[in-house]
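A short write-up of the structure that comes next.
Each reported figure results from applying straightforward, stated rules to the coordinates on display, with no laboratory input. Please read these numbers as outputs of a predicted model, since none were measured by experiment. Because the Cβ atoms are built from the backbone with ideal geometry, glycine has one as well, and the counts that use them run over all protein chains shown.
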Amino acid sequence: MCKFIWNLFKTHTRSFNAEEENPMKKFLIVGLGNIGEKYQNTRHNIGFKILDHFAKKEAITFETQKLGDLTTYKLKGRTFILLKPNTFMNLSGKAVLYWLTKEKVPLENLLIVTDDLNLPFGSIRLKTKGSDGGHNGLKDIQDKLNTTKYNRFRFGISDTFSKGRQVDYVLGTWNEEETQKLEERLDKSVELIKSFVLAGVSNTMNTFNGK
């Protein structure tokens, strides 16, 4: 009887390990933002806001770990590792590289969620590569990963600011009209992230880009 139970335990252990060690089923989803209450509802923190919305919808909770707040979510055999770096925006790459390496996530399974001044408010666009576009968070990620070929999900915050007011605009809070429309856009953003993991980057781009 003891031998039977031991063999059963070994079988379950092997199966669990095999699942855990399959890197292609793990995805690192990183929302960019700045820590601290004063940044919480700013345009620059849309990466944090999208991941918080994801966590709220799926009733999962972030926990503070090394270099960021982390939570995991499993769906259809895939593991979503959601990360909000606590390094501040300009040093985001440090957290991305650490968790990418620690969790042995392939680079093609990385998705960076960020704001984009060059897109109209609420527009969503998934890309597999590109420049940092002057975004300090993306610049640091590019430097740390030593490549521009990583997936990024850009959420449009528009560029409706006067000359010399870019920093104030980016670090400003959503206006009333944006706030009213944000909930639907957050829902759509969560759908995009799930599609990226389950349907792949090409299908997701075809389905969501410009929507």
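Quick notes on this one:
- When the listed pairs Lys56/Lys211; Lys139/Lys211; Lys26/Lys56; Lys84/Lys181; Lys56/Lys163; Lys25/Lys127 are checked against a 28 Å cut-off, the alpha-carbon distance exceeds it for Lys56/Lys163.
- Site pair Thr160 and Asp143 shows an inter-label distance of 3.4 nm when each label is modelled 7 Å from Cα along Cα→Cβ.
- Rounded to 5, the percent of DSSP beta bridges in the chain classed as antiparallel: 50 percent
- Approximating the spin labels as points 7 Å out from Cα along Cα→Cβ, the Glu58-to-Lys104 distance works out to 2.1 nm.
- Relative contact order for the chain: 23 percent, from Cα pairs under 8 Å spaced at least 6 residues apart, divided by residue count.
- Helix 92-102 and the longest principal axis of the C-alpha atoms of the chain enclose an angle of approximately 10°.
- Overall form of region 39-136 per C-alpha gyration tensor (a/c, 1.5; a/b vs b/c): rounded
- Total formal charge among the other residues, if their Cβ is under 10 angstrom from that of Trp174, Lys/Arg +1 and Asp/Glu -1: 0
- Local electrostatic count, Leu67, Cβ distance below 14 Å [Lys/Arg +1, Asp/Glu -1]: +1
- Cut-off 12 Å between beta-carbons: net charge of the residues surrounding Asn109, Lys and Arg +1, Asp and Glu -1: +2
- Peptide packing for 26-32, 54-60 was compared via the average number of neighbouring C-beta atoms within 10 Å per residue; ordered from the highest value, the list is 26-32, 54-60.
- On the principal axes of its alpha-carbon atoms, region 28-208 has extents of 45, 32, 31 Å, going from largest to smallest.
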